[in-house]
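K.L.:
Take this structure first; my questions come after.
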Amino acid sequence: MTALLAAQRVLPIGLGGRRAWLLIERNLFVYRSGWLVLLSGFFEPLFYLLSIGFGIGGMVGDVPGPNGELIPYAVFVAPALLATASMNGAIAESTFNVFFKLNYAKTYDAVLSTPMAPGDVALGEIGWAVIRSSLYAIGFMVVILVMQLVQSPWAVFAIPAAMLMSFAFAAVGMAATTFMRSWQDFDLINIVIMPLFLFSGTFFPITSYPPALQLVVALTPLYQGVDLLRSLILGHIDATLLFHVVYLVVMGLAGLAVVARRLDRLLLK
Amino acid sequence: MTPDESPTPLIHARGLTKKFGEFTAVDAVDFDVASGESFGFLGPNGAGKTSTMRMVGCVSPVTAGTLRILGLDPNVDGPRIRGRLGVVPQQDTLDTELSVRDNLVIYARYFGMSHAEARTKADALLEFVQLAERAKDKVEPLSGGMKRRLTIARALINDPSILLLDEPTTGLDPQARHLLWDRLYRLKQQGVTLVLTTHYMDEAEQLCDRLVVMDKARIVAEGSPLQLIERYSTREVTELRFAVGVQETLDGQLEGLGERIERLPDRVLVYSNDGEAAAAAANQRGLRPETVLVRRSSLEDVFLRLTGRSLVD
């Protein structure tokens, strides 16, 4: 949320942003009658945790954690599943749903006939994606707390960290969506998301890669979230966490600025 | 009402121009709309009506010229102006994810109204457009006419100073059109300033105090429907429809039947002040049309005269 408020100041005044919460309210109205749909996002990381964390984890046994000591595989993988779920939730909300509203339902055309501005739409949709995925983050944190997969009080910061992640991914996802011409283009998003999901230190540490590749992976977006959340939940605090935070803030603000300008060009022509 | 009579027009346009790249959609048009007036843009598809309306609605930047709405400049005060406009776009942009009533409530919120105010206003407007029984329904199953009425209710949510209607009844059946016209006429009676585009002559004649005829991005005529008909057409028109192939053989036999002859692909229009006399004259010349229709001149005839082609082509 702090990132959102900061974003509001960075945005050019003319593109708006102050009425963004009215668009969030609109989305709340939509889900008021269909809140069951919202539950799906809660089960995704839970099922992965049961299948991979415990199922495959049972065969893998203990693995070295960020502090060097051995930890059960489920403890290692749980924070990464939270990171992945935050990314997936943000991407789903900011791509498919936005594309539909932008190109088919013409929702934003109607919104912009009022005092609302493109910046309000951008910030509102991204803010909504953040709210939605932070609900999942809270749910999942409760689950792993109960399962005793949390090892440090620093874990309380995992929820704001997950929100920051969803802000970054929602902003960039929505920015990409403004360039999409058809539903086929969404395959491109999968091509990016899938390898991020599999190779960002999610299921095995990036120290398994040769050094050059490690550096590449360390600069990809999901890795920032995976390492940030794992470090917080397992209590491995160092300066690299600050880098992750800055990376995600910059990524989110850049996406937000692109979205506001693109909506202005697409809708106010 | 001429532009100069009203000292502070609600809408004031001079040399208003809209270009998309090389294409000129609106080419230096001048017009003023006074408070309480019902003003129309009449013209075929592609004449520049919608582009003009979008500029007035502050959702399309002005390429060149002057545009003032409520005395304000859309480039500077867009959101403020939009806060006082009601917009009925050409295609419905209702929120299909929300119920009929929530469409209005949420829209009211976009204008900064409180929840309580939004709900009260929504219910009153649903009554006004006769959709109160459908309040809880989704938007999708509504008929075309109902969706249009809901769109009009939505446009009225902020008690707009100006209501902009872009082809409000296109695609509706006659019954739905008449119901809509009735609601618009009531608004007009209440003093709401209406600005509408249409390519239906009857709609323009019903609703507009004054209108401009647009063709190829320019305004080609301006006046009240009656003034335009008097200026550009005769009192009556005699339509002669001949059997297939006959019309082409009539060269030289039609001249002088009326003040002016217009030959359309499917019929011949004879313009005169006495349509029956023109029909009788045609009969005397031995012309045998399959059908003869005498009618009053309409804006369609004005348009035909001004541009040499019919309005909906």
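K.L.:
So for region A:176-184 (the condition being surrounded by 13 or more Cβ atoms within 10 Å (Cβ to Cβ) and free of Cβ contacts under 8 Å to residues at least 60 places away in the same chain), does at least one residue qualify?
P.N.:
Looking through region A:176-184, none of the residues is surrounded by 13 or more Cβ atoms within 10 Å (Cβ to Cβ) and free of Cβ contacts under 8 Å to residues at least 60 places away in the same chain.
K.L.:
I need the full set of residues from region B:70-104 which are more than 8 Å from every other protein chain (Cβ to nearest Cβ) and among the aliphatic types (A, V, I, L, M), in order please.
P.N.:
B:70, B:72, B:76, B:81, B:88, B:100, B:104
K.L.:
Go through region B:155-180 and report how many residues are at pLDDT 90 or above and among the hydrophobic types (A, V, I, L, M, F, W, C).
P.N.:
Of the residues in that region, 7 qualify.
K.L.:
If we only count strands (runs of 3 or more DSSP E) wholly inside region B:27-120, which ones have 2 or more residues that are surrounded by fewer than 20 Cβ atoms within 10 Å (Cβ to Cβ)? If you could, list the steps in order and put the result at the bottom.
P.N.:
Values: elements: B:38-42, B:64-69, B:85-88.
In region B:27-120, B:64-69 are the strands (runs of 3 or more DSSP E) which contain 2 or more residues that are surrounded by fewer than 20 Cβ atoms within 10 Å (Cβ to Cβ).
K.L.:
Right, another one. Quick check on my filter: what residues within region B:223-246 are of a type outside the set (A, V, I, L, M, F, W, C) and surrounded by fewer than 18 Cβ atoms within 10 Å (Cβ to Cβ)?
P.N.:
Our first condition is that a residue be of a type outside the set (A, V, I, L, M, F, W, C); within region B:223-246, this holds for B:223-225, B:227, B:230-236, B:238-239, B:241, B:245.
Answer for region B:223-246, where residues must be of a type outside the set (A, V, I, L, M, F, W, C) and surrounded by fewer than 18 Cβ atoms within 10 Å (Cβ to Cβ): B:223, B:224, B:227, B:230, B:231, B:235, B:241, B:245.
K.L.:
Before we move on, is residue A:195 surrounded by 16 or more Cβ atoms within 10 Å (Cβ to Cβ) and not acidic (Asp, Glu)?
P.N.:
Numbers: surrounded by 16 or more Cβ atoms within 10 Å (Cβ to Cβ): no; not acidic (Asp, Glu): yes.
So residue A:195 fails the test.
K.L.:
Has region A:222-235 got any residue that is surrounded by fewer than 20 Cβ atoms within 10 Å (Cβ to Cβ) and in a loop (DSSP other than H, G, I, E, B)?
P.N.:
yes
K.L.:
Listed residues A:152, A:94, A:166; which is among the polar types (S, T, N, Q), more than 15 Å from residue A:263 (Cβ to Cβ), touching a residue at least 60 places away in the same chain (Cβ under 8 Å) and buried (at least 24 other Cβ atoms within 10 Å of the Cβ)?
P.N.:
Details: A:152 fails: buried (at least 24 other Cβ atoms within 10 Å of the Cβ); A:94 fails: more than 15 Å from residue A:263 (Cβ to Cβ).
Result: A:166 is the single residue among A:152, A:94, A:166 that is among the polar types (S, T, N, Q), more than 15 Å from residue A:263 (Cβ to Cβ), touching a residue at least 60 places away in the same chain (Cβ under 8 Å) and buried (at least 24 other Cβ atoms within 10 Å of the Cβ).
K.L.:
Can you tell me which residue among B:84, B:80, B:54 is within 24 Å of residue B:299 (Cβ to Cβ) and among the basic types (Lys, Arg)? Break it down into steps so the answer makes sense when it comes.
P.N.:
Values: B:84 fails: within 24 Å of residue B:299 (Cβ to Cβ); B:80 fails: within 24 Å of residue B:299 (Cβ to Cβ).
Among B:84, B:80, B:54, only B:54 is within 24 Å of residue B:299 (Cβ to Cβ) and among the basic types (Lys, Arg).
K.L.:
Okay, moving on. Here is a list: A:242, A:256. Which entry is in contact with a Phe, Trp or Tyr (Cβ under 9 Å, 6 or more places away or on another chain) and either part of a loop (DSSP other than H, G, I, E, B) or hydrophobic (A, V, I, L, M, F, W, C) (or both)?
P.N.:
Values: A:242 fails: in contact with a Phe, Trp or Tyr (Cβ under 9 Å, 6 or more places away or on another chain).
After applying the criteria, what remains is A:256.
K.L.:
Let me ask you something else. With respect to residue B:177, determine if the residue is in a helix (DSSP H, G or I) and among the charged types (D, E, K, R).
P.N.:
On the way: in a helix (DSSP H, G or I): yes; among the charged types (D, E, K, R): yes.
Answer is yes for this residue.
K.L.:
Sort through A:222, A:228, A:253 and tell me the only one that's within 17 Å of residue A:68 (Cα to Cα), of a type outside the set (D, E, K, R) and away from chain B (no Cβ under 14 Å). Lay out the reasoning, then the answer.
P.N.:
Values: A:222 fails: within 17 Å of residue A:68 (Cα to Cα); A:253 fails: within 17 Å of residue A:68 (Cα to Cα).
Just one listed residue meets the conditions, A:228.
K.L.:
Do we have any residue at all in region B:17-28 that's under 26 Å from residue B:212 (Cβ atoms), in contact with a strand residue (DSSP E or B) (Cβ under 9 Å, 6 or more places away or on another chain), free of Cβ contacts under 8 Å to residues at least 40 places away in the same chain and facing chain A (nearest Cβ under 10 Å)? Reasoning before the result, please.
P.N.:
Looking only at region B:17-28, we keep the residues that are under 26 Å from residue B:212 (Cβ atoms), and these are B:17-28.
Adding the requirement that they be in contact with a strand residue (DSSP E or B) (Cβ under 9 Å, 6 or more places away or on another chain) leaves B:17-19, B:24-28.
Within this subset, residues satisfying the condition of being free of Cβ contacts under 8 Å to residues at least 40 places away in the same chain are none.
The answer is no; no qualifying residue exists.
K.L.:
Moving on to the next point. What is the number of the single condition among (1) assigned to a helix (DSSP H, G or I); (2) within 13 Å of chain B (Cβ to nearest Cβ); (3) not aromatic (Phe, Trp, Tyr) that residue A:93 does not meet?
P.N.:
Result: residue A:93 fails condition (2) only.
K.L.:
Within region B:151-169, which residues are among the hydroxyl-bearing types (Ser, Thr, Tyr) and either over 23 Å from residue B:11 (Cβ atoms) or surrounded by 18 or more Cβ atoms within 10 Å (Cβ to Cβ) (or both)? Spell out how you get there, then give the answer.
P.N.:
Step one: filter region B:151-169 for residues among the hydroxyl-bearing types (Ser, Thr, Tyr), giving B:151, B:161, B:169.
Hits for region B:151-169 are B:151, B:169.
K.L.:
Please state which one of A:73, A:48, A:104 is within 14 Å of chain B (Cβ to nearest Cβ) and out of contact with any Pro (no Cβ under 6 Å at 6 or more places or on another chain). Write out each step before concluding.
P.N.:
Numbers: A:73 fails: within 14 Å of chain B (Cβ to nearest Cβ); A:48 fails: within 14 Å of chain B (Cβ to nearest Cβ).
Among A:73, A:48, A:104, only A:104 is within 14 Å of chain B (Cβ to nearest Cβ) and out of contact with any Pro (no Cβ under 6 Å at 6 or more places or on another chain).
K.L.:
Out of all the residues in region B:291-301, is one or more without any contact (Cβ under 8 Å) to a residue 40 or more places away in the chain, charged (D, E, K, R) and closer than 23 Å to residue B:42 by Cβ? So that I can check it myself, show each step before the final result.
P.N.:
First, the residues of region B:291-301 that are without any contact (Cβ under 8 Å) to a residue 40 or more places away in the chain: none.
Checking region B:291-301: not a single residue is without any contact (Cβ under 8 Å) to a residue 40 or more places away in the chain, charged (D, E, K, R) and closer than 23 Å to residue B:42 by Cβ.
K.L.:
Tell me, please, whether a residue that is buried (at least 20 other Cβ atoms within 10 Å of the Cβ), touching a residue at least 60 places away in the same chain (Cβ under 8 Å) and charged (D, E, K, R) can be found in region A:114-125.
P.N.:
We begin by selecting, within region A:114-125, every residue buried (at least 20 other Cβ atoms within 10 Å of the Cβ); these are A:114-125.
Next, only the ones that are touching a residue at least 60 places away in the same chain (Cβ under 8 Å) stay: A:115-125.
With the extra rule that they be charged (D, E, K, R), the set shrinks to A:120, A:125.
For region A:114-125, residues buried (at least 20 other Cβ atoms within 10 Å of the Cβ), touching a residue at least 60 places away in the same chain (Cβ under 8 Å) and charged (D, E, K, R): present.
The values are calculated or read from the model by the stated rules, or taken from the named source; none is laboratory data. Computed from a predicted structure; not experimentally measured. Every residue, glycine as well, gets a Cβ built from its backbone with ideal geometry; the counts of neighbours run over all protein chains shown.
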